[in-house]
Amino acid sequence: MPNRPKPTTKDIHALHAMMCQAIADPIRIAVLYELSDDGEHSVNELVAALNLPQATVSRHLRTLRDRGLVTARRDSTFVFYKLTDHRVLDALDLIRSVQSDILSHRHHIIQTPPPRGYE
């Protein structure tokens with residue numbers, strides 16, 4: 001068995017960053033949520049659901065496919081997409097929950113009057 005180099009922490013962080021970049025776009029997030037059921041969706045279905053141009057949806061699907069978040073299946077002239085792993089939606093939900101907590105905390109700070117004598 002050939003000796004394979006062990007991935008470095010830097011390599012692992014780079015892979016993590018690539019995954020985060022894939023979900024760092026509002027359109028790609030919307031695409032992922034559209035694919036949240038267990039079925040497959042054609043590009044045309046996603047275009048209609050998202051009310052976006054076909055080229056835009058296709059470009060974002062390619063990014064998601066390249067990162068392994070969706071899989072594609074060609075049937076004649078149609079391409080159908082589905083989520084590779086639904087845990088990505090759990091990750092998005094967790095990020096949304098953290099963001100909500102941060103915003104609530106900031107709102108509380110803004111609404112709290114300054115201490116007496118502070119000017």
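Miscellaneous remarks
- Any hit, the range 65-88, residues being aromatic (F, W, Y), out of contact with any Ser or Thr (no Cβ under 8 Å at 6 or more places or on another chain) and either farther than 22 Å from L15 by Cβ or without any contact (Cβ under 8 Å) to a residue 24 or more places away in the chain (or both): no
- Residue among I110, I102 that alone is over 25 Å from the mean Cα position of the chain (by Cα), among the aliphatic types (A, V, I, L, M) and either exposed (fewer than 11 other Cβ atoms within 10 Å of the Cβ) or modelled with pLDDT under 95 (or both): I110
- Among the residues of the range 18-48, those identified as more than 12 Å from the chain's Cα centre (by Cα) and free of Cβ contacts under 8 Å to residues at least 40 places away in the same chain are D37, S42, V43, N44, E45, L46, V47, A48.
- Candidate set from the range 41-92 (those that are assigned to a strand (DSSP E or B) and of a type in the set (D, E, K, R)); member that is surrounded by the most Cβ atoms within 10 Å (Cβ to Cβ): K82
- Verdict on A55 being without any contact (Cβ under 8 Å) to a residue 12 or more places away in the chain and touching a Phe, Trp or Tyr at 6+ places or on another chain (Cβ under 8 Å): no
- Counted residues, the range 21-65 - those being of a type in the set (S, T, N, Q) and closer than 10 Å to L83 by Cα: 1
The values are calculated or read from the model by the stated rules, or taken from the named source; none is laboratory data. Since this is a predicted model, take the numbers as computed values, not measurements. Reconstructed Cβ throughout: ideal geometry from the backbone, glycine too, with neighbour counts over all protein chains shown.
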